[in-house]
Amino acid sequence: MAPSIDHEKRLDEEKPLFVEEAYFSGARIGDAIDWCINRQDRDLHCLVEGNLTSTGKEVVFRGRILKVKKGVLTRRIAVLVEEDLRRRRVGELDKVLTVGGDGSTQDDVAATQITVQNYLKRNLSDDLYYDGRELQQAVKDLERMKGQEVACTVWGKRASDKLPIMIRGSIVGASTSPAPILPEGALEVRVESEGDTSAPKIYLVAQPQLLIGPRYNPNLTVIASKVYIVPYAWKQAPEYRDVLAARNLTVKVKGGKKLIENVSFSIREGEMLAIIGESGAGKSTTVKALIGDIPSTGVSRIAGIDSRQTQKVRHFFGYCPQDLSYMYETFTPLENIIAFGKQYDIPEWQLIQHGKSLLRDFGILEKGNASTSELSGGQQRRVSIAIALAHKPKVLLMDEPTSGLDPDNRNELWRYLTYINQEYGTSIVVITHYPAEAEFCDKVAVFMRGKSLVAFGTPEALKEEMPSRGFAVGIVLEDVNPKAREILEGVEGVRFVLQRGELLKVFSDEPLEIIAERCVKTLKENDIGVKIVKTRTVADMVDYYIAITRGLIQGIIEK
Amino acid sequence: MAEVLTKPSRRIRNMVAKELRLIVKDKVALILIFLLPAALIGMLWWVTDMSEQGSLGFGSSPGGGGAGDNETVSMGSSITIGLVDLDTTRTYSGEDLSENFTKYLEQSADVVFYNSTDDAFRDLYEGLIEGYVVIPDGFEANLTINEPTYVEVHIDGTDFLTEASVQGVIQAATIMFRSSKMWIRSEVFPGMVIEFAPEGGYLESVFGGFIVIFSSYLGIAMTSAQSIVGDAPLRRMLLTPTNRLEVIVAKVLGYVIIGFFQSLLLITLWVLAFDLNLNTSFLSLVVIMSLISLTGSTTGILISAISSTRLQANQMFLFILFGTLILSGFFIDVGVLDEILPMNQGLKLLTNTAFKGLSLIQVIDRVLKLVGFSVAAILAATFIFSKKPTLG
């Protein structure tokens, strides 16, 4: 069994969640709002300190910014609370809080200090927030999502007794009606009773400027102050730690032969994983088992959902096959995106919007009207990736995307993959035959035929497991000499030698300077000309892969 | 939180739209789909124009129907023929000539005697007899004065197979009758009256009907036989929330729509080109052609689900093509299979409605058979398809 290593430094090594940060006092909330407006397509988060206007108690919380509003009188930030950071917690905080400036009385929180953070990725959240007075706009937006299962949380006051109320349910109706000043919007929300004690009730959510009085049962009418809408309620994933996780994953064929055995690894959200290994080592089998395409034993989860729940888990991953014929070649790239994306129950207008933005990001928007067959191999590959990303998956799985591409196109593709990873925050799993490509990823999984997973970890951690923590003596010969490797392996203290053309890397546990001297001496004795000697050459993933597949080193599996 | 609530109907609708869009995008395929019916009917028109049988009308001139001349060898088979003897003349001193003719007829077939032509016609309609002979008044009188005479032979125009046998039996009986009465100098002509056929040419309607059904059924079966095995992106589609039953249903519906328009064009050209006046409503024709497209489509999808490669699908389709052709009941009697095979049901549906004038309710058993076959084929295709791995 390969030894496991403890990564205490793991938290420190993790990528920062945000790329820029700004600090504002409560009095400067207008500037904070401007800062957010300038970065409105980004995933913005904030840390708010202030006082709850209802109780006057201090509050500290972290959350994602849903909406900012800067009017003549109002300056407001709506925040979806992710973490309550109060030392003394008195009562639960609302899931959505409105933050106003210092001394604000109209909002939930009067902020004394706001830290806004721009996360690296683009804001891909589908959830929507409306003030109670904006229900008319909510109705308009909901009309575009007709037929979808839309979840809704409303905070407001009951029309009968004006007491605060919060309801959570699914939207069953949305309408606008004429009113003395402006048309008013109203939502009908079906709320399941808690504990199934009574039948579900339908509440009418009305705008606060309702002057005529409720036309509905006042007990079931909510005068809204905050409305939080989640359009694709069914697509919500449970809470999860690792976006992709495999535990003791084993796949057997009918004859009882195990294709993979006890494969365990996991990646966090936003990480990139390269799966490398020999042909027939079980790389594709692992991916097929992970997406629930073939029967397996053990645990395999994507976004916290068991892969055996095939219908549900498919919303959370995108698969990009190796074969480019897996898309309709007579269709244009956008038509392909729509054809596949619609099967996820995403409205066409949204697919067009998202598809165009993907094609623009991939530099093929101008080819939008050409049929896919008219595009070059590299462009077709990008279309294939765009199709896999149409439904905004959490994980993108790719089967040998760079095979058949020239080195230039290969590098370009990796540039796009890195961009996807950063811009969309999508975790990426890439099966590849090229160990060098593993350097682009955060994690690497190495598979060997008959042994399944033999190594898993960050490229740096894996390379550190080589002798001298991945450093070697680098020797460049004057000419390629096949005997050189054998000769150097006979030198005292040398563990193994890897040769690539004229370059030889000599690995040893002893001081590299001494080994270098011994090697040069031995080569001279054998009349082999040496051009360059470097006492500290860094091993790359190709060296690691060769060493592990030849059994020269033992793999580690990072927990 | 709510479980996955996406509607299968929406996914099926999207997939059908995608299938149709693929066809629309493929201009050559689109032209072929509509060119094929025109070419078929054009060919039939040309062939019948060349053929002497092409102008053969119904219930017209006696002496036609030469197709059955060589069929007398099948006289041993149990053919039931009705006989209506209207001859009242008694001019010959010997035996009654019409009764004597009847006896010769009885040697070759089972003869059922009728007093009126209406009863015989009804039994022919219900399939109790394969044809009936009417001996006209004056049969004996004409023969005794050496004037030519004739017998009316009424046959079922929708039953291509027995037509020839009936004609053979009548021919045989006439020859034997004639040779036993060598003193008669004139001839006895069997006059053909083809019943249950629309107004128009004989070959055009009977053979044209066969062509319409045959090409509608197999045309769409051939197209859909490639629909799964030849659709590589489908594998990727199966990694979306779409399940295999939805794929099969969507494919079937897509091809039914294409097949429906194709077969409707075919039948329209058939009717217009030969100026036929079918004995059924346009709505019935639409229903029948939809059913034929449905069965054709499901047959093709089943082939596609079973086969793993395009070559397998092609070979399997050829097997089905020849099997369907041979067992269509149009050329040879296929016994009980005639009541089972889907194309035979389609053919019978068309002849029973468009030729005989029956309503769809009266032929509901055949409609149900076609629907049942389609459902069974869809389920079988889904079951087989579900056993195949998505990504190979």
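Modelled label positions at A:LYS70 and A:ARG247, each set 7 Å beyond Cα in the direction of Cβ, lie 4.8 nm from each other. The simple Förster model, with R0 at 45 Å and r as the Cβ-Cβ distance, assigns A:ALA22 and A:LYS451 a FRET efficiency of 0.35.
Relative to the longest principal axis of the Cα atoms of chain A, helix A:512-525 runs at roughly 40 degrees. Here the dipole of segment A:243-362 is about 560 debye; that uses its Cα centre as origin and unit charges on the Cβ of Lys and Arg (positive) and Asp and Glu (negative).
Residues of segment B:163-189 falling in the label zone of B:GLU147, defined by backbone nitrogen less than 18 Å from a point 7 Å along Cα to beta-carbon, are B:184-189.
Under the rule a/c < 1.5 gives rounded, and otherwise a/b versus b/c splits prolate from oblate, where does the protein assembly as shown land using the Cα gyration tensor?
oblate
Pairs from the list A:LYS257/A:LYS463; A:LYS288/A:LYS392; A:LYS235/B:LYS18; A:LYS140/A:LYS367 with a Cα-Cα gap above 22 Å: A:LYS257/A:LYS463; A:LYS235/B:LYS18; A:LYS140/A:LYS367. Rounded is the label for segment A:108-200. Its Cα gyration tensor axes, ordered a ≥ b ≥ c, give a/c under 1.5. Once the Cβ-Cβ distance of B:SER93 and B:ASP119 is raised to the sixth power relative to R0 = 25 Å, the FRET efficiency obtained is 0.20. Along the charge dipole of segment B:333-382, which of B:LEU360, B:LEU341, B:VAL375 sits closest to the positive end, that is, farthest toward it, with unit charges on the beta carbon of Lys, Arg, Asp and Glu (+1, +1, -1, -1)? The residue sitting most towards the positive pole is B:LEU360. Charged side chains reduced to their Cβ positions (Lys and Arg at +1, Asp and Glu at -1) give chain A a dipole of some 1340 debye around its Cα centre.
Using alpha carbons only, how many degrees (0 to 90, rounded to 10) separate the axis of helix A:29-38 from the longest principal axis of chain A? It works out to around 60 degrees. Amide H contacts of A:GLY368 (H built 1.01 Å from N, in plane; Pro and chain starts excluded): no residue 5 or more places away or on another chain comes under 5 Å. The order of A:ILE557, A:ILE532, going from fewest to most other C-beta atoms within 10 Å of their C-beta, is A:ILE532, A:ILE557. Between B:LEU128 and B:ARG185, the FRET efficiency estimated from the beta carbon spacing at R0 = 35 angstrom works out to 0.40. Working from Cα pairs under 8 Å separated by at least six residues, relative contact order for chain B is 19 percent.
Residue-wise HN-Hα couplings along segment A:542-553, as the Karplus relation 6.51 cos²θ - 1.76 cosθ + 1.60 with θ = phi - 60° gives them from phi, are 5, 4, 4, 4, 5, 5, 6, 6, 7, x, 7, 10 Hz; Gly and Pro carry x. Evaluating 6.51 cos²θ - 1.76 cosθ + 1.60 at θ = phi - 60° for every residue in segment A:489-501, the Karplus couplings come out as 5, x, 6, 4, x, 7, 7, 7, 10, 10, 10, 10, x Hz, glycine and proline recorded as x. Placing a pseudo-label 7 Å from each Cα along the Cα-to-Cβ vector at A:SER325 and A:ALA436 gives an inter-label distance of 3.0 nm.
DSSP assigns beta bridges within segment A:10-147; of those with both partners inside it, close to 95 percent run antiparallel. With respect to chain A, whose longest principal axis is taken over its alpha-carbon atoms, helix A:348-361 is tilted by about 40°.
Counting DSSP beta bridges in the protein assembly as shown, what percent are antiparallel, to the nearest 5?
70
Across segment B:248-255, rounded Karplus estimates of 3J(HN,Hα) from the backbone phi angles (6.51 cos²θ - 1.76 cosθ + 1.60, θ = phi - 60°) give 4, 4, 4, 4, 4, 4, x, 6 Hz, Gly and Pro being marked x.
Averaging the sequence gap over all C-alpha pairs within less than 8 Å and six or more residues apart, then dividing by the number of residues, gives chain A a relative contact order of 12 percent.
Within 13 Å, Cβ to Cβ, of A:HIS433, how many net charges do the neighbouring residues add up to if Lys/Arg are +1 and Asp/Glu are -1? Here the count lands on -2. Report the one residue of A:SER193, B:THR298, A:TYR326 whose Cα lies farthest in the direction of the positive end of the charge dipole of the protein assembly as shown (charges on C-beta: Lys and Arg +1, Asp and Glu -1; origin at the Cα centre). Towards the positive end, the residue furthest out is A:SER193.
Within the straight-line cut-off of under 19 Å between alpha carbons, the aspartates and glutamates reachable from B:LYS251 are A:GLU329, A:GLU335, A:ASP345, B:GLU19, B:ASP26, B:ASP231, sequence neighbours fewer than 8 places apart in one chain being disregarded.
Values quoted throughout were computed directly from the atomic coordinates according to the rules given, and no laboratory measurement underlies them. Note that the coordinates shown come from a computational prediction; the quantities given were computed from them, not determined experimentally. Backbone-built Cβ (ideal geometry, glycine too); neighbour counts: all protein chains shown.
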